[in-house]
1. Could you point to the residue in 52, 176, 295 farthest towards the positive end of the chain's charge dipole, with +1 and -1 charges on the Cβ of Lys/Arg and Asp/Glu respectively?
2. With a cut-off of 8 Å between alpha carbons and a minimum separation of six or more residues, what is the relative contact order of region 172-290 in percent?
3. Using label points projected 7 Å from each Cα along Cα→Cβ, tell me how many nm separate residue 102 and residue 296, to one decimal.
4. Please report, ordered by residue number, every helix of the chain (full DSSP H runs) that is 18 Å or longer along its axis going by C-alpha atoms and whose mean Kyte-Doolittle hydropathy reaches -1.0.
5. Per the 1.4 Å probe, what fraction of the accessible area of the chain, in percent, lies on carbon and sulfur atoms?
6. Any idea what % of Cα-Cα pairs in the chain are farther than 24 Å?
7. Which whole-number percentage describes the relative contact order of the chain, with Cα contacts under 8 Å and a sequence gap of 6 or more?
8. Indicate, rounded to the nearest 5 percent, the antiparallel portion of the DSSP beta bridges found entirely in the chain.
Amino acid sequence: MKKRISVCLMLVFVMAAALSLTGCHESSQTYAWVLGTASPEDTVTQIYAEKFAGEVERLSDGAMRIEVYANSSLGGDTELIECCMTGDIPFVVQNTAPQVSYLPRLCLFDLPCVFSDIEELHEVLDNEAFMEKINEIYAEKGLELLGMSDQNFRVMSSNVAVESLEDFSGIKIRTMENSYHMAFWKAIGANPTPMSFSEVYIGLQQNTIDAQENPYEVIVSNKFYEQQDYVIQTNHLPHLLSLIVSEDFMESLSEEQQEIIREAATTACAYAREQAQERVDDRIAICEEAGTTIVEVSDELVEEMRAASADLYEEIREAVGDDELYYMYVGE
């Protein structure tokens with residue numbers, strides 16, 4: 001609670017500084033709003049946020065401006081979503097996994113081994129009926145989902161080569177503090193270990209953990225490949241990036257301003273997706289140049305991983321509480 005209060009106090013000063021940039025006359029007024037992320041600058045998250053901010057400024061002829069604060073400078077994922085729900089931060093770009101604590105039905109996106117490639121995922125996310133249902137979930141907490149991009153899939157880096165389901169047995173893998181993620185790794189035989197992200201590199205270096213899972217973006221930006229012999233292309237989960245906005249904030253804007261924000265979000269989402277795919281190929285090359293071996297996962301192993309997760313699928317289906325939404329996502 002104290003941390004969230006300090007974040008919100010900081011925002012008072014940030015917003016005051018932004019407002020000082022506005023002109024004295026109504027006709028020349030410039031709006032400067034805050035967008036927060038918990039990711040480093042050299043990531044698709046930052047690309048997404050900066051493209052959105054740039055499009056808002058371009059479409060408004062400079063009358064509307066968004067300041068992007070990256071690298072948890074306004075707080076971590078928990079503080080960011082809490083401040084967005086209260087309206088202290090107008091915009092946030094973040095992964096959906098930490099949002100599940102506040103929006104439990106978003107556990108739908110924690111279903112493992114659903115998609116064979118990123119195009120299948122995009123087909124679902126581009127389904128208007130599906131996204132309307134997802135936005136209803138965000139609306140429950142006073143949020144609007146402006147767009148859903150991604151950092152491609154999450155993969156596993158390890159000091160053990162994994163080629164069969166048995167090879168996962170006993171591997172101590174760092175996961176996010178998400179019960180569904182942990183349940184998946186347990187189901188396939190690994191030993192999931194939640195750990196602060198800031199401790200992961202040292203944990204790998206000191207062999208406190210054997211492995212971790214993240215998109216290639218994160219593996220390279222944090223140089224995890226320096227401590228890992230293999231990257232196993234499990235592609236077990238898409239690393240989704242949600243661009244959210246406070247509903248109260250949106251309702252305070254004119255219809256023209258809202259239209260600009262939504263149009264900018266659509267453009268930024270498409271751009272971030274393109275950049276994500278290009279950057280995956282580049283990051284794979286960086287890992288290989290450092291001596292890390294990329295291990296492809298067979299279709300048969302993916303099916304075995306999914307079959308081992310049958311109980312988790314049922315648990316998530318019940319938690320989502322909307323079979324139509326569930327089957328729209330899993331494609332059955």
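1. Of the candidates, 176 comes out farthest on the positive side.
2. Numbers: 75 pairs, mean separation 28.0, N = 119.
Worked out over region 172-290, it gives 24 percent.
3. 4.2 nm
4. Values: long enough: 2-19 (26 Å, 1.66); 44-59 (22 Å, -0.11); 255-289 (51 Å, -0.85).
Counting only whole DSSP H runs, the qualifying helices are 2-19, 44-59, 255-289.
5. Working: 6710 of 14570 Å².
Of all accessible area on the chain, carbon and sulfur atoms account for 46 percent.
6. Working: 30574 of 54946 pairs.
Counting pairs separated by more than 24 Å, the tail of P(r) holds 56 percent.
7. Values: 576 pairs, mean separation 77.1, N = 332.
Relative contact order here is 23 percent.
8. Values: 22 of 39 bridges.
Of all bridge pairs located within the chain, approximately 55 percent are antiparallel.
The values are calculated or read from the model by the stated rules, or taken from the named source; none is laboratory data. Please read all numbers here as calculations on a predicted model, not as lab measurements. Neighbour counts run over all protein chains shown; Cβ positions are idealised from the backbone, glycine included. Just the protein is used for accessible areas: all its heavy atoms, side chains included, with ligands, DNA and RNA removed. Shrake-Rupley method; radii C 1.70, N 1.55, O 1.52, S 1.80 Å.
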